[in-house]
Amino acid sequence: MAYAFWKMLRKRMGPVTKGRRIGGHGDLVAWSFYPTKNLGALGDAGAVTTNDPELADRIRRLRNYGSRAKYVNEVQGYNSRLDPAQAAALRVKLRRLDGWNGRRSRIAARYHAGLAGSGLLLPAVPAWAEPVWHVYVVQHPRRDSLQKQLSGAGIGTLIHYPIPPHLQQAYAHAGFAARQFPIAERMASQLLSLPMGPQLDDRGVEAVLAALKTTARMLAAQE
């Protein structure tokens, strides 16, 4: 089951860049199937696609205790095999992924059009790319106030991610200081992810737009 899913994945998965799906070219592509992703499993899951037979062989060994044959460990490996139940669920969902991603793209297009001139910094897309809009992220200098007002209006949003990597405690040993990476810090303080997903209907999209534009105008008037 996992192998059948893998073959479908390499042909059908992913956004398009320069006319090709990103799962069909390049040395390696790593995929996350975390439940909230565009193609989400029932729990934690992931995969790797490659067009290099040697890399494919190495990855298969690494995911299975470093073994080709049972109990024969050629290299130090892991237990990272995709569970057949997860593969079965993903295989069924994969057939609907293009439709779901199409809905995400239509929502993103409506956000683009509806938020033009609102004072929010909107995501830019190169002409050669076709993203699948896992998230739709805007920027605003008063992001926290914007999020609070939207929450009060019944619009849920998320922040991906509030602390840039160089300021995380896990990397304190590297000695990075505040303001050392000002662009990353500015973005961490301004980014806001809007509601996005194929389950979001047109009425919901318009409610998000109305609340955002009203709140952006209010914040602008306070400056």
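The values are calculated or read from the model by the stated rules, or taken from the named source; none is laboratory data. In this text, all values refer to a predicted model and were calculated from it rather than measured experimentally. Virtual Cβ from ideal backbone geometry, glycine too; neighbours counted across all protein chains shown. These accessible areas exclude ligands, DNA and RNA; they are computed on the full protein's heavy atoms, side chains included. Shrake-Rupley method; radii C 1.70, N 1.55, O 1.52, S 1.80 Å.
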Quick check for you: which residues of the stretch 47-80 have the amide N under 14 Å from the point 7 Å beyond the Cα of His173 toward its beta carbon? none
Apply the Karplus curve 6.51 cos²θ - 1.76 cosθ + 1.60, θ = phi - 60°, to the phi angles in the stretch 61-78 and return the couplings in whole Hz, x for Gly and Pro. 5, 4, 6, 10, 6, x, 10, 9, 10, 4, 6, 10, 9, 7, 9, 6, x, 9
Any chance you could give the angle, 0 to 90 degrees and rounded to 10, that helix 97-115 forms with the longest Cα principal axis of the chain? 20 degrees
Extension gain Gln222-Ala109, at 0.36 nm per residue separation less the Cα-Cα distance, in nm? 37.8 nm
Within the set His140, His173, His160, GNM on the chain using Cα springs under 10 Å gives the largest fluctuation to His173
For the residue pair Val92 and Ser151, what label-to-label distance in nm results when each label sits 7 Å from Cα along the Cα-to-beta-carbon direction? 3.6 nm
Within the stretch 171-206, trypsin sites (Lys or Arg not before Pro) in DSSP loop having at most 14 other beta-carbon neighbours inside 10 Å: Arg179
Could you order Val72, Val205 so the one with the most accessible surface comes first? Probe is 1.4 Å. Val72, Val205
Hey, got the dipole for the stretch 123-223? About the Cα centre, +1 on K and R Cβ, -1 on D and E Cβ, debye to the nearest 20? 320 debye
Helix 2-12 vs. the chain, principal-axis angle (Cα, 0 to 90°, nearest 10): 50 degrees
The chain - charge dipole about Cα centre, Lys and Arg +1 at Cβ, Asp and Glu -1, debye rounded to 20: 620 debye
Within the stretch 29-56, which residues have the backbone N less than 11 Å from the label spot 7 Å out from Trp100 along Cα→beta-carbon, could you tell me? 33-42
Go through the stretch 69-98 and name the trypsin sites (Lys or Arg not before Pro) that are in a DSSP coil and have 14 or fewer other Cβ atoms within 10 Å of their Cβ. Lys70, Arg81, Arg95, Arg96
accessible surface per residue for the stretch 173-215, probe 1.4 Å, DNA/RNA/ligands not counted, whole Å² -> 58 Å²
In order through the stretch 207-223: 3J(HN,Hα) via Karplus (6.51 cos²θ - 1.76 cosθ + 1.60), integer Hz, x for Gly, Pro: 5, 4, 4, 4, 5, 5, 5, 4, 5, 4, 5, 5, 5, 5, 5, 7, 7
³J(HN,Hα) computed for each position of the stretch 164-180 - Karplus, 6.51 cos²θ - 1.76 cosθ + 1.60, integer Hz, glycine/proline x: x, x, 5, 9, 6, 4, 4, 10, 4, 5, 6, x, 6, 10, 4, 6, 6
Summing -39500 (n - 2.57) over every DSSP H run of at least 4 in the chain, dividing by its residue total and rounding to the nearest 500, the 222 nm mean residue ellipticity is -13000 deg cm²/dmol
Ellipsoid semi-axes in whole angstrom, largest first, where each is sqrt(5λ) of the Cα gyration tensor of the chain: 38, 23, 16
Could you pull out the chymotrypsin sites (Phe, Trp or Tyr not before Pro) across the stretch 128-187 that fall in loop regions by DSSP (anything but H, G, I, E, B) with no more than 16 other Cβ atoms inside 10 Å? Trp128, Phe176
Could you list which residues have their amide H under 5 Å from that of Tyr65, counting only those 5 or more apart in sequence or on another chain, with H placed in the peptide plane? Tyr78, Asn79, Ser80
Near the amide H of Ala45, under 5 Å away, which other amide H atoms are found, from residues 5 or more places off or on another chain, if H is placed in the peptide plane? Phe33, Tyr34
